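Undergrad: Supplied in structure tokens, the structure appears directly below.
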Amino acid sequence: MAAASTSARVPVQNFPELQRGKRNKIPSSVLLLQMCRENKEVKQLHGQLILNGLIHRFPNAAKLVESYVGVSETDDALLVFKSSIQSPDTFAYNVMIRGLILSKRPMESLFLYERLVTDGLLPDSHTYTFVLKACSQLKAVLEGKAVHAQIIKNGMEPNTHICSSLISMYSYAGNMVSAKQILDEFSEHKNGICPFNSMITGYMNEGLVEEAIEIFDTMGNKDTVTWSAMLSGYVKNGMHEDVLVTFQKMMSCNVPLNESSLVCTLSACGELGALDQGRWIHKYIINKREIVMSVNLGTALVDMYAKCGCIEFSYQLFEQMPQRDVVTWGVIISSFATHGQAKVCFQLFDEMIESRVEPNGVVFVAILSACSHAGLVELGCHYFDQMVHQFGIRPSIEHFGCMVDLLGRAGRLAEAEQLILSMPEEPNSVILGALFNACRIHNDVERGRPLFKRLISLEPSPDRYKLAVSLFANNGEDYEIRKLLKDKIFETRCGLSNIQVDGVDHEFMVSDIANNRAQDVYETLGG
């Protein structure tokens, strides 16, 4: 969507005069539509086009569709496409297909593509790029292969964007062999960065980190997107230290930073507790005028500070944000829940509703978790009911886990067990483990015994056996656990904490005395 950089109001009152102008090579209606920045401005011009009888004049209707897509009004765009364009050309189809993809309606975009082909129109490179993106979102590899075949049949030589889209489509479907084949065929004839970037992303999404690194290392030219793909891939695979190392290399190579690279690095800082690095990035963002403090970037900063223990400063940043979406609210509510401040979570939830931001499942996981840790059973049941009946959110395994934990901690084991039985899917080890832990706390051996057998069949970890020892031994049933432990050898995993001091990361395990700063830590904790 082409849009003017000015934020001035569209002079709709001069529309007839502009239409009579003869010096403009580009129709004035198109120029005005390109200036629109808000939905109400597009609607004003839409009305003027109808009143002046120009709605059906080429290319007004198609440009109007483009303007509606540009202000994220997909339904209005679709209405104009269907009612005001009698014989849409490839451009009009492309604009509408792109709009449906941007609004997360990939299936409808595929239906529209089929109509384009049925109408006898020839798709262009933009069409294929958009449609392949829809196939990626749907992981529709069969449809994607059909589009690939159509490209070959039409004799179109794939450009960098089509190759990137094909690689992404095959990668999202898990078909890395076909994705690599596309890359190899492309690199034999052309030089381009985009397909290699898509291949890195595909490998990282599949957890094939070494393969992604190999592609990255062999690339002669690397742009900002290349580095960002590596950073994002490391984050997805939990390799947070590699994120910080790669970010430092990116800075040393004077590669321009984009929003994605900053958000990924802030995420790694939060996970590692690397507060100094996070603060440096914060100052960098403030000092660089070309970097816009977007909602995503602001949310990443709020999350980083909260995970590094600076919850109050995190909240100050949150309040200073001019715009906040549901993800931002979810981050701050989850942060206070993690810090054990349930009352603040409930206040923030009410503020979010008053701000007309509709909560999602993540927000309710945080709220239910806060209720569980605070022992607020009735309030937790209220929020669970509100989530289902008022907001129409289907409970996920995480929501059921929170409720089982909440009821179990309160000793309402029968209700927790009934809730598990009502689940539409099989309970996982987390949910069964929450109920079993409640059985241990409340010394319910009869309910705990069958639960334990189900648990070890799903996840035979040492922690489960430790809980079983506590439950059975306290009730004189040591033989039960000895029988279960016979011929079993487990490797116990120690808890691990990470903290950064003076820019240096330190890892501490439970009862750790090997760390060279261990004595200082114990002296500080001991007062």
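The values are calculated or read from the model by the stated rules, or taken from the named source; none is laboratory data. The model shown is predicted, which means the values in this text are computed figures rather than measured ones. Using ideal geometry, Cβ is built from the backbone for each residue, glycine included, and neighbour counts are taken over all protein chains shown. For the accessible areas, the whole protein counts, side chains as well, though only heavy atoms, and no ligand, DNA or RNA atoms are used. Shrake-Rupley method; radii C 1.70, N 1.55, O 1.52, S 1.80 Å.
Undergrad: Kindly indicate the residue of the range 74-116 that is under 26 Å from the mean Cα position of the chain (by Cα) and either modelled with pLDDT under 90 or small (Gly, Ala, Ser) (or both) and also nearest to LEU49 (Cα to Cα) among those meeting that condition.
TA: Among those residues, the one meeting the criterion is GLY99.
Undergrad: If you don't mind, another one. Out of ILE200, ILE182, ILE162, ILE193, report the one residue that is in contact with a His (Cβ under 9 Å, 6 or more places away or on another chain) and on the phi < 0 side of the Ramachandran plot.
TA: Sole residue among the options that is in contact with a His (Cβ under 9 Å, 6 or more places away or on another chain) and on the phi < 0 side of the Ramachandran plot: ILE182.
Undergrad: Go through the range 254-291 and report how many residues are touching a Ser or Thr at 6+ places or on another chain (Cβ under 7 Å) and either of a type in the set (D, E, K, R) or open to solvent by 40 Å² or more (accessible area, probe 1.4 Å) (or both).
TA: Residues meeting the conditions: 4.
Undergrad: Can you give me the number of residues within the range 95-116 that are open to solvent by less than 60 Å² (accessible area, probe 1.4 Å) and either touching a Phe, Trp or Tyr at 6+ places or on another chain (Cβ under 7 Å) or in a helix (DSSP H, G or I) (or both)?
TA: Of the residues in that region, 12 qualify.
Undergrad: Okay, next question. Quickly run through the range 32-60 and pick out the residues that are closer than 20 Å to LEU102 by Cα and either of a type outside the set (D, E, K, R) or in contact with a strand residue (DSSP E or B) (Cβ under 6 Å, 6 or more places away or on another chain) (or both).
TA: Of everything in the range 32-60, those that are closer than 20 Å to LEU102 by Cα and either of a type outside the set (D, E, K, R) or in contact with a strand residue (DSSP E or B) (Cβ under 6 Å, 6 or more places away or on another chain) (or both) turn out to be LEU33, GLN34, CYS36, ASN39, VAL42.
Undergrad: Among the residues that make up the range 420-435, is at least one of them of a type in the set (S, T, N, Q), over 31 Å from the mean Cα position of the chain (by Cα) and assigned to a helix (DSSP H, G or I)?
TA: No - not one qualifying residue is present in the range 420-435.
Undergrad: Can you confirm whether the range 315-326 contains a residue that is more than 30 Å from LYS222 (Cβ to Cβ), out of contact with any His (no Cβ under 8 Å at 6 or more places or on another chain) and of a type in the set (Asp, Glu)? Let's see the steps before the verdict.
TA: Within the range 315-326, the first condition is being more than 30 Å from LYS222 (Cβ to Cβ), and the residues that meet it are 315-326.
Applying the additional criterion that residues be out of contact with any His (no Cβ under 8 Å at 6 or more places or on another chain) yields 315-326.
Add one more test, that the residue is of a type in the set (Asp, Glu), and what stays is 319, 325.
Yes - at least one qualifying residue is present in the range 315-326.
Undergrad: LYS180 fails exactly one of the following numbered conditions: (1) open to solvent by less than 20 Å² (accessible area, probe 1.4 Å); (2) out of contact with any Pro (no Cβ under 9 Å at 6 or more places or on another chain); (3) farther than 20 Å from ASN237 by Cα. What is the number of that condition?
TA: Exception for LYS180: condition (1).
Undergrad: Out of the residues in the range 370-384 that are open to solvent by less than 30 Å² (accessible area, probe 1.4 Å) and not aromatic (Phe, Trp, Tyr), which is nearest to the chain's Cα centre (by Cα)?
TA: ALA370
Undergrad: List every residue pair whose Cβ atoms sit under 8 Å apart, with the two residues 6 or more apart in sequence or on different chains, where the first one lies in the range 240-253 and is of a type in the set (Gly, Ala, Ser) and the second, anywhere, is open to solvent by less than 40 Å² (accessible area, probe 1.4 Å).
TA: none
Undergrad: Limited to the range 36-71, what total is found for residues that are open to solvent by 20 Å² or more (accessible area, probe 1.4 Å), of a type in the set (Gly, Ala, Ser) and closer than 28 Å to THR118 by Cβ?
TA: Of the residues in that region, 1 qualify.
Undergrad: Among the residues of the range 297-309, which ones are modelled with pLDDT under 95 and farther than 22 Å from VAL365 by Cβ?
TA: Passing the criteria: none in range.
Undergrad: While we're looking at this one, here's another question. With a cut-off of at least 1 residues that are among the acidic types (Asp, Glu), farther than 25 Å from ARG105 by Cα and under 26 Å from the mean Cα position of the chain (by Cα), name the helices (runs of 4 or more DSSP H) lying wholly within the range 139-242.
TA: Where helices (runs of 4 or more DSSP H) fall fully within the range 139-242 and carry at least 1 residues being among the acidic types (Asp, Glu), farther than 25 Å from ARG105 by Cα and under 26 Å from the mean Cα position of the chain (by Cα), they are 209-218.
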